[in-house]
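Asks: Sharing a structure with you now.
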Amino acid sequence: MNHSPTQPGREDPDSRAVMAPPAPGAITLARHGRPDADRTVRINAKGYGEWWANYDRVGLREDSKPPRDLIEAVKKADILLASTLPRAIATAHAVAEPERIETLPIFVEAPLPPPPLPGLFLKPPTWGVLSRIAWWLGYSGGTESRREAEVRAESAADHLVQTAASGAEVLLFAHGWFNRMLRPALKRRGYDCVVDGGDSYWSYRRYEPVQSRVDGADPGR
């Protein structure tokens, strides 16, 4: 049986090249701007618990403005995500149109329950250090434990990686400590930090998939 040649203008199905899947996109983790909270007061453990609860309700200080490099990073992003806490949402709104931002509770900050240390009157930053150490060592005070937060960080990393899987550039507005917890989770999923902006307010870190860089693709597109 003779096979007729492919007609002009029609593609031979057997000659179609298999298209490779797109390289995963980069993931950027940004910390929020400076919250509108008084850090100079001296308070006891109970007072710090109340201070932290209020910290989770406030937005940003009026004089806290986004740096140019974060604004440029947002322009490159295809998908913007944020924690549901007001300081993260206010940060996102300072650099992007609200309709571009999806908020998810999985990205909220890990809790800071103050350890029961009666008689101590300290400033909030000092209480923050003591509380984080105590929480890391196992004290949760009825809040989310370190182990529970680690499980949440793994799920959050899965969400970020799945969102970036189609090649989209993803940027998350979240929190200092929870972003820190996401670092090893992203590394285990094949992402390396290529831009390290530190841990200050408005800072960010950019992560790119290792395999994409090895293959010569441009994750930043």
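The values are calculated or read from the model by the stated rules, or taken from the named source; none is laboratory data. These numbers were taken from a predicted model, which means no experiment stands behind them. Positions of Cβ are backbone-derived with ideal geometry, glycine not excepted, and every protein chain shown enters the neighbour counts.
Asks: Can you pull out the residues in segment 127-138 that are in contact (Cβ under 8 Å) with a residue 12 or more places away in the chain and under 21 Å from Ile106 (Cα atoms)?
Replies: Arg132, Trp135
Asks: For segment 160-181, give me each residue that is buried (at least 16 other Cβ atoms within 10 Å of the Cβ) and more than 30 Å from Gly49 (Cβ to Cβ).
Replies: Selection gives Leu160, Val161, Thr163, Ala164, Gly167, Ala168, Glu169, Val170, Leu171.
Asks: Looking at the structure I just gave you, is Tyr207 surrounded by 15 or more Cβ atoms within 10 Å (Cβ to Cβ), out of contact with any helix residue (DSSP H, G or I) (no Cβ under 6 Å at 6 or more places or on another chain), of a type in the set (Phe, Trp, Tyr) and at pLDDT 95 or above?
Replies: Here the answer is no, as Tyr207 does not meet what is asked.
Asks: Looking at segment 59-80, which of its residues are in contact (Cβ under 8 Å) with a residue 12 or more places away in the chain and over 18 Å from Ser200 (Cα atoms)?
Replies: Those that are in contact (Cβ under 8 Å) with a residue 12 or more places away in the chain and over 18 Å from Ser200 (Cα atoms): Lys76, Ala77, Asp78, Ile79, Leu80.
Asks: Is at least one residue of segment 101-115 surrounded by 14 or more Cβ atoms within 10 Å (Cβ to Cβ), touching a residue at least 60 places away in the same chain (Cβ under 8 Å) and part of a helix (DSSP H, G or I)?
Replies: Looking for residues that are surrounded by 14 or more Cβ atoms within 10 Å (Cβ to Cβ), touching a residue at least 60 places away in the same chain (Cβ under 8 Å) and part of a helix (DSSP H, G or I), one finds at least one in segment 101-115, hence yes.
Asks: I'd like the full set of residues that are modelled with pLDDT of 95 or more and in contact with a Pro (Cβ under 8 Å, 6 or more places away or on another chain), limited to segment 1-37.
Replies: Pro24, Gly25, Ala26, Gly33, Ala37
Asks: Let me ask another. Looking only at segment 57-100, count every residue that is under 24 Å from Leu112 (Cβ atoms) and either among the polar types (S, T, N, Q) or surrounded by fewer than 17 Cβ atoms within 10 Å (Cβ to Cβ) (or both) and tell me the total.
Replies: Total meeting the criteria: 7.
Asks: Leu120 fails exactly one of the following numbered conditions: (1) touching a helix residue (DSSP H, G or I) at 6+ places or on another chain (Cβ under 9 Å); (2) assigned to a helix (DSSP H, G or I). What is the number of that condition?
Replies: The one condition Leu120 does not meet is (2).
Asks: Still on this structure, I have one more. Considering only segment 106-125, state which residues are under 25 Å from the mean Cα position of the chain (by Cα) and farther than 17 Å from Asn54 by Cα.
Replies: Ile106, Phe107 - these are the residues of segment 106-125 that are under 25 Å from the mean Cα position of the chain (by Cα) and farther than 17 Å from Asn54 by Cα.
Asks: Right, something else. Does segment 161-202 hold any residues that are among the charged types (D, E, K, R) and assigned to a helix (DSSP H, G or I), and which are they?
Replies: Correct list: Arg180, Arg183, Lys187, Arg188.
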